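Beneath this line is the structure, given in structure tokens, with notes to follow.
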Ligand SMILES: Cc1ncc(COP(=O)(O)O)c(C=O)c1O
């Protein structure tokens, strides 16, 4: 299948065993891929085969099995590198998830590079994973913490940047590429240009972007970018951080122990080469291998086709929900958002909405989505959220809408 081919979600769905299992006697409509994606057989099989044929600890043994395990792990690193077009393998660090990737930057870069008179900047849309670490590192170092606001359609307000720049030396700008709550696609290239004009580094949370669209760290010009395996059809327990080599080389390690050292004596310890300096302890190498298999699967389908498919589903959902005057949707108009639609039913708590939908086999997330500052900006506590992936089909949107009519009936 070429990357330009439109994807056939009904056929792809057959790769995902989860859809063979009904929920409450109904077919599963899984509309929570922004939270975590389902896993295709190809990934499950790859991990099982690794355990059955190639399992030993990596980077430690000189025997054949250990070498094969190491080759599998390092092969996955090359797949991550190619996926995001990082210049070198030294700049690709495996982490536990994107949260750990972002904390690594906040601690290992932030503690040594921020201080009084400096400013750390995030956005009002950020997931707590890219908000709280910067807020807390700013507090610890005495730096200012500033937030780029959003307009009423949930898009970043660039007119506030000058005021932010006046708060001190802007040293870091941290932003998501795609908002997990509103689906907003942030203009990271524009924000990166501004960050670099200020002499700041640009840190990108690409958790909702890398699985769904082509992301090229060199084209974006960013300094750090993280994503998480479980949202790209891969297993839990793995994530990746890209970091620009000059910055990584100047940074101290984030965690310490085995693997990340070169030489240890009672007086002194020296650090291993990149990327191992930032990979303390036995890594989740089978999970990293599974991530590699997931990358093969997703790129085999084609990221352009996935993006197009999800945008079509988001547009359809917005149209269908737009016909119901008792539903409020949040976020940018179709075309300017990814495959994520947050909404509320008038007078009904989103948890109740999600519970009734569940009884119809429809899985949506009801929460603040780890974006409490955004909820405050929107003047709400929570939303229900439907989100899509390559296996999502229009019939699931039909079932969502039918379920919402039931919600209305129960609470109307
Ligand atoms: C934008 C964004 N950032 C960060 C995260 C955190 O991901 P993880 O829990 O895998 O670290 C998520 C997951 O919900 C997310 O959507």
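The values are calculated or read from the model by the stated rules, or taken from the named source; none is laboratory data. In this text, all values refer to a predicted model and were calculated from it rather than measured experimentally. Glycine gets a Cβ as well: all are built from the backbone with ideal geometry, and neighbour counts include every protein chain shown.
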Being more than 13 Å from the ligand (Cβ to nearest atom), part of a loop (DSSP other than H, G, I, E, B), closer than 25 Å to residue 84 by Cα and over 16 Å from the mean Cα position of the chain (by Cα) is the requirement here; does residue 199 meet it? yes
Can you tell me which of 374, 321 is at pLDDT 95 or above, touching a helix residue (DSSP H, G or I) at 6+ places or on another chain (Cβ under 9 Å) and assigned to a helix (DSSP H, G or I)? 321
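Looking at 357, 321, which is the one that is touching a strand residue (DSSP E or B) at 6+ places or on another chain (Cβ under 7 Å) and either crowded, with 16+ Cβ neighbours inside 10 Å or more than 30 Å from residue 135 (Cβ to Cβ) (or both)? Break it down into steps so the answer makes sense when it comes.
Numbers: 357 fails: touching a strand residue (DSSP E or B) at 6+ places or on another chain (Cβ under 7 Å).
Within the list 357, 321, the selection yields 321.
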How about segment 377-397: which of its residues are surrounded by fewer than 20 Cβ atoms within 10 Å (Cβ to Cβ), in contact (Cβ under 8 Å) with a residue 60 or more places away in the chain and either part of a strand (DSSP E or B) or in contact with a strand residue (DSSP E or B) (Cβ under 9 Å, 6 or more places away or on another chain) (or both)? 377, 393, 395
For the list (1) surrounded by 24 or more Cβ atoms within 10 Å (Cβ to Cβ); (2) touching a strand residue (DSSP E or B) at 6+ places or on another chain (Cβ under 9 Å); (3) touching a residue at least 60 places away in the same chain (Cβ under 8 Å); (4) assigned to a loop (DSSP other than H, G, I, E, B), I need the number of the one condition that residue 226 fails. (4)
Taking segment 22-42 and keeping only residues that are closer than 20 Å to residue 291 by Cβ and away from the ligand (no atom under 16 Å from the Cβ), one is left with 40, 41, 42
Report yes if some residue within segment 162-173 is within 16 Å of the ligand (Cβ to nearest atom), modelled with pLDDT of 95 or more and over 25 Å from residue 91 (Cα atoms); otherwise report no. no
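Specify which of the listed residues (403, 331, 335) is crowded, with 19+ Cβ neighbours inside 10 Å, more than 29 Å from residue 132 (Cβ to Cβ) and either touching a residue at least 24 places away in the same chain (Cβ under 8 Å) or touching a strand residue (DSSP E or B) at 6+ places or on another chain (Cβ under 9 Å) (or both).
403
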In the set 243, 292, 239, which member is buried (at least 17 other Cβ atoms within 10 Å of the Cβ) and within 13 Å of the chain's Cα centre (by Cα)? 239
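Considering only segment 256-276, how many residues are surrounded by fewer than 16 Cβ atoms within 10 Å (Cβ to Cβ) and either at pLDDT below 95 or assigned to a loop (DSSP other than H, G, I, E, B) (or both)? Show your work before the answer.
In the first step, residues of segment 256-276 are kept if they are surrounded by fewer than 16 Cβ atoms within 10 Å (Cβ to Cβ); the result is 256-258, 262-270, 273.
Checking which are either at pLDDT below 95 or assigned to a loop (DSSP other than H, G, I, E, B) (or both) leaves us with 256-258, 265-268, 273.
Total satisfying the criteria: 8.
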Could we say that residue 125 is touching a residue at least 24 places away in the same chain (Cβ under 8 Å), within 13 Å of the ligand (Cβ to nearest atom) and outside any strand (DSSP E or B) here? yes
